[in-house]
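K.L.:
One structure follows; several queries about it will come next.
The values are calculated or read from the model by the stated rules, or taken from the named source; none is laboratory data. Keep in mind it's a predicted model, so treat the numbers as computed, not measured. We place every Cβ from the backbone using ideal geometry, glycine too, and count neighbours over all the protein chains shown.
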Amino acid sequence: MGFLRTLSAASAAGVVALACSAGDQQGPANGGNSDQPGDWSAPYASGTGGPESAPRDDGGQSSNASLGDGGSGDADGGTKIDGGSSAGAETIPLAQILADGTCSAKPGDASLSAGFANASEIAYIVPLGLMTAAHITPVDHMYIYYPSHQARTATDYPVVSPGDGYIRSVSKLDSDYRVIIEHSCDVWSIFIHVQTLTGPLASLNGQVTFQNAWGGSIAIKAGDTFATDGGQPGYDYSVHDQRVTLKGLRPASYSQAETWKLHTVDPFDYIPEPKKSLLLSKDLRSASPRGGRIDYDNIGVASGNWFVVGTNGYAGDPKNNTTGPISPTQMRGYWDTHLALAPNPIDPTHFMASIGNYDGNAVQYAIDVDPLTLTVASGATALKLYAFEYQKPDGTPFSQDANDNAAYVAGVTLKLSSQVAGVILVQAQADGTLKVEKRPGATASTSTAFGTEALVYEH
């Protein structure tokens, strides 16, 4: 899990060590939400998108609130992705993606009354949308961190079901588990990196392997314990709602992998008070939407998720496929052909360049240009890549150490280093693609003429 890591001058390459298994990106989950319905075409820093505003495929009304109109582009000419002729992946039922194609619960709303964690036991929550190491595009799950796990074991913290439902799937990652819960035929929870199975799942400890997952239907009530944790930094959590389809992701790029991403929602929108406010008090993000966001694709501008043309979207080039658990030091894989230019999820006033293969490594850097402002008319732009760190309001570093997590601090911000590790040259194309050339070690004075190493990406 080690995802919040301070980048110092000594780590100018911008590489954040990967400390998760392949399961983080091989299971269902993804989304972004809004408290401003109908404003999907507004600049993303304002926090648009989600259960309350996401247009549905059938044009009907969300069970939570009125739907947005999808937008027709903002003042700089960007237009939200709407699937086009490639639409189809977004219509695949979550029951088919996450389970055996059947539903154990009825369709409709779900109240996650128990929440996804005990606020008094955790240190802080990292919202949806983090980009780190092999997680090149904004991730579709939150990270829940404990105050410390140095003197704890894998049985110290109970992990409970957020709401009534059915446990539908259990799979083994490397040394821990991924559990999927169906709350209704529409609303599903995914837990990643829980350590020990207990309660109704106790008999599966040691029986589920990376190659041999369990599938079925076990009834569970809100607040029932199904696992324990504590001997590691924490676990991941996401919610997906079949009735919500993100307008800022191109469905075709997720038709072969992680299709559930298209239905990712802000978990806080499904948790009633007082549990919601208790959990929000540990959320590192203060901007709306509080749960974060993952969909930033806009046609005609540089923002969003990008994949090298002809490499199967999120699934990546087959020659880069990873067949087993991803090791903590592995920096090459299916993500080599991924790129994201998007806001930082904790401090969305700053922006990130997340690159699948930059001089042989998966890296994340801060950039000092809002990618939403880079249009076709902007021409080729050299984006300087900065090392960065997270800071507390008093200017001291906020860092997450894998052995002793920091406590929650309100007002964490991102600060760019003065050190430039290189440049990427980008240019939005009239056909909706993005031309990119990576230039490790280059400076801002680099030529804006593309060379033979340039690649073309699509959303």
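K.L.:
Out of Thr381, Thr443, Thr433, Thr375, report the one residue that is surrounded by fewer than 22 Cβ atoms within 10 Å (Cβ to Cβ), farther than 19 Å from Ser286 by Cβ and modelled with pLDDT under 95.
P.N.:
Testing whether each residue is surrounded by fewer than 22 Cβ atoms within 10 Å (Cβ to Cβ), farther than 19 Å from Ser286 by Cβ and modelled with pLDDT under 95 leaves just Thr443.
K.L.:
Please name all residue pairs, on different chains or six or more residues apart, with Cβ atoms under 6 Å, provided the first residue is in the stretch 413-436 and is under 15 Å from Tyr358 (Cβ atoms) and the second residue is crowded, with 16+ Cβ neighbours inside 10 Å and of a type in the set (Asp, Glu).
P.N.:
The qualifying pairs are Leu425/Glu437.
K.L.:
So, one more: Could you please let me know if Ala227 is within 13 Å of Asp156 (Cα to Cα) and assigned to a strand (DSSP E or B)?
P.N.:
Yes.
K.L.:
What number of residues within the stretch 422-459 satisfy the criterion of being over 25 Å from Thr311 (Cβ atoms) and either among the charged types (D, E, K, R) or part of a strand (DSSP E or B) (or both)?
P.N.:
Adding up the residues that qualify gives 0.
K.L.:
Please work out which one of (1) surrounded by fewer than 23 Cβ atoms within 10 Å (Cβ to Cβ); (2) in contact with a Gly (Cβ under 7 Å, 6 or more places away or on another chain) is the condition Pro158 fails and give its number.
P.N.:
(2)
K.L.:
Surrounded by fewer than 22 Cβ atoms within 10 Å (Cβ to Cβ), touching a residue at least 60 places away in the same chain (Cβ under 8 Å), of a type in the set (A, V, I, L, M) and outside any strand (DSSP E or B) - does that describe any residue in the stretch 124-134?
P.N.:
Checked against the condition, which is being surrounded by fewer than 22 Cβ atoms within 10 Å (Cβ to Cβ), touching a residue at least 60 places away in the same chain (Cβ under 8 Å), of a type in the set (A, V, I, L, M) and outside any strand (DSSP E or B), the stretch 124-134 yields no hits at all.
K.L.:
From (1) over 26 Å from His459 (Cα atoms); (2) of a type in the set (Gly, Ala, Ser); (3) assigned to a loop (DSSP other than H, G, I, E, B); (4) out of contact with any Gly (no Cβ under 6 Å at 6 or more places or on another chain), pick out the condition that doesn't hold for Ala257.
P.N.:
Result: Ala257 passes all but (1).
K.L.:
Does Thr153 satisfy the criteria of being over 20 Å from Ala202 (Cβ atoms) and polar (S, T, N, Q)?
P.N.:
no
K.L.:
Of all residues in the stretch 166-204, count the ones that are β-branched (Val, Ile, Thr) and outside any strand (DSSP E or B).
P.N.:
Within the stretch 166-204, residues that are β-branched (Val, Ile, Thr) and outside any strand (DSSP E or B) number 1.
K.L.:
Return the residues of the stretch 232-254 that are in contact with a helix residue (DSSP H, G or I) (Cβ under 9 Å, 6 or more places away or on another chain), more than 21 Å from Tyr143 (Cβ to Cβ) and either of a type outside the set (Gly, Ala, Ser) or in a helix (DSSP H, G or I) (or both); say none if nothing qualifies.
P.N.:
Gln242, Arg243, Val244, Thr245, Arg250, Pro251, Ala252, Ser253, Tyr254
K.L.:
Please go through the stretch 285-303 and pick out each residue that is crowded, with 23+ Cβ neighbours inside 10 Å, assigned to a loop (DSSP other than H, G, I, E, B) and of a type outside the set (D, E, K, R).
P.N.:
Across the stretch 285-303, the qualifying residues are Pro289, Gly291, Ile294, Tyr296, Ala302, Ser303.
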